[in-house]
1. Take the Cα radius of gyration of the chain and divide it by 2.2 N^0.38 Å, with N its residue count; two decimals is plenty.
2. Among the listed pairs Lys80/Lys144; Lys144/Lys185; Lys123/Lys174; Lys35/Lys123; Lys70/Lys155, which are separated by more than 28 Å between their Cα atoms?
3. For the stretch 1-91, what are Rg and Dmax over the alpha carbons, in angstrom?
4. Send over the semi-axes of the stretch 35-77's equivalent ellipsoid, whole angstrom and largest first, taken as the square roots of 5 times the C-alpha gyration tensor eigenvalues.
5. Using the per-residue mean of other Cβ atoms lying within 10 Å as a proxy for protection, in what order, highest first, do the peptides 21-27, 54-60, 186-192 fall?
6. At a Förster distance of 25 Å, what's the computed FRET efficiency of Ser146 paired with Lys123, Cβ-Cβ distance as r, to 0.05?
7. Given the C-alpha atoms of the stretch 80-144, compute the convex hull and give its volume per residue in Å³.
8. Could you tell me how many cubic angstrom of Cα convex hull volume the stretch 114-174 has per residue?
Amino acid sequence: MIHLQQFLSVEQQLEVLQACREVGKRSPLFVPRMKNGSNFSCQMTNCGEVGWISDEQGYRYSTIHPTTGKPFTPMPEIIKNLAKSLAAQHANDAGFIPQTCLINYYENGSKLGLHQDNSEPNKTAPIISISLGDDAIFLVGGNKRSDKTREILLKSGDVIILAGESRMIYHGIKKIIPSTSSLLKAGGRLNLTIRQVY
Ligand code: MD6
Ligand code: FE
């Protein structure tokens, strides 16, 4: 796993944030649900050809936004270009095709349970993750759910790349640390994960 600390300048962070706001106008945040009907504690939206969704039918990629019924907003160029350049320079994948970007929004108190990213038919392309806003405690384990985890502090502008042997490791968000960034006026944290799904 690659952790690039404060990789994005504040200027770049603001540009990516603005791109997310534009996405949110056409493809608003929604609250995904688990198979048992319970809500996720973070909100999500997507841009790109497909988006990751979750409800009582399970989790999967869909071409349709779950509340608008419309296709997801195309991925803004700034997000595409950042992901392609990160994949080429840090994950040895100059052919990376950014097909989707999942945008998670965490308010204070939101978290994301330990999981493996296994919805993608393509399990060899790297996953590029960008953090914006308040600090988060990221849990990183191994290839088995029962493997010991360690905590990594993710700050605004940090990038995580899961590639190669780390592609399938278990990970999650333990907590958001309130008021640690002034990037988001309303507080909280945004995370973008950009993938080549197919
Ligand atoms: C988050 N990130 O940072 C959640 N998944 O809010 C993820 O679940 C994640 O950071 C795959 C690759 C990188 C990630
Ligand atoms: Fe993940």
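1. Against the compact-globule rule of thumb, the ratio is 0.94.
2. Table pairs above 28 Å Cα-Cα are Lys80/Lys144; Lys144/Lys185; Lys70/Lys155.
3. 15.0, 41
4. After diagonalising the Cα gyration tensor, the semi-axes are 20, 11, 9 Å.
5. Ranking, from highest mean packing down: 186-192, 21-27, 54-60.
6. 0.75
7. Taking the convex hull of the Cα positions in the stretch 80-144, it is 126 Å³ per residue.
8. Per-residue hull volume (Cα only) is 80 Å³.
Laboratory data are not the source of any read-out in this text; all were calculated from the coordinates shown. Everything numeric in this text was worked out from a predicted model, so none of it was measured. Every residue, glycine as well, gets a Cβ built from its backbone with ideal geometry; the counts of neighbours run over all protein chains shown.
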